[in-house]
Amino acid sequence: MPAPLVEATLEQLRTDRSKWFADRAQGYFATHLRPGVSQAMIDAEIQRCLSAAPYAAVEMQRQVFNTDQRPDVAALTVPTLVLHGLADQSIPIEISSHHLVKLAPHPVLKEYWDAGHGLYLTNQKEVNVEILDFIRRRS
């Protein structure tokens, strides 16, 4: 992502964190594909995000944009489970998980057609089953 665009995004986050998170909620939860996602669930997750220190939230986002994780992924020595929503607008699968599985040893990629970045909430039953199955297969 071009540096000026990253800085503009970080400035929006610094200026009005509540709005920054609220503006991204639809894409984060893929509400267009999951109409059962309640406003209460969205509000609770935004509140959880807002509980982080403002400085920490900005710096975490800066690291997401600027850190090359490829060497760390390639250095993994254990099987890796990757769960990714195809409707993820925060970190699209094409520029992340599809590359990650080429680098990680023994990767397992599970794609969720109806999920965004917040699949740990919106698809929690399926996610928990996938995690438990992954652990059982390696035990």
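Quick one: would you say Ile91 is without any contact (Cβ under 8 Å) to a residue 40 or more places away in the chain, within 18 Å of the chain's Cα centre (by Cα) and closer than 27 Å to Leu132 by Cα? Against the criterion (without any contact (Cβ under 8 Å) to a residue 40 or more places away in the chain, within 18 Å of the chain's Cα centre (by Cα) and closer than 27 Å to Leu132 by Cα), Ile91 qualifies.
Restricted to the range 1-97, the set of helices (runs of 4 or more DSSP H) holding at least 2 residues that are within 20 Å of Tyr112 (Cα to Cα) comprises 25-29, 39-50.
Table: residues versus (1) surrounded by fewer than 16 Cβ atoms within 10 Å (Cβ to Cβ); (2) farther than 25 Å from Gln26 by Cβ.
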position: Gln69; (1), (2): yes, yes
position: Asp72; (1), (2): yes, yes
position: Ala75; (1), (2): yes, yes
position: Pro79; (1), (2): yes, yes
position: Leu83; (1), (2): no, no
position: Ala87; (1), (2): no, no
position: Ser96; (1), (2): yes, no
position: Lys102; (1), (2): yes, yes
position: Pro105; (1), (2): yes, yes
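In this structure, does Lys110 turn out to be in a strand (DSSP E or B) and either at pLDDT below 95 or charged (D, E, K, R) (or both)? Answer is yes for this residue. Contact map, the range 1-13: residues that are loosely packed, with under 10 Cβ neighbours inside 10 Å paired with residues that are in a loop (DSSP other than H, G, I, E, B), Cβ distance under 8 Å, separation 6+ or inter-chain. No pairs are found. Between Leu103, Leu13, which is among the hydrophobic types (A, V, I, L, M, F, W, C) and over 23 Å from Arg137 (Cβ atoms)? Every option except Leu13 fails the conditions.
The values are calculated or read from the model by the stated rules, or taken from the named source; none is laboratory data. Predicted model, so just to flag it, every value in this text is computed and none were measured. No Cβ is skipped: glycine too gets one built from the backbone with ideal geometry, and neighbour counts run over all protein chains shown.
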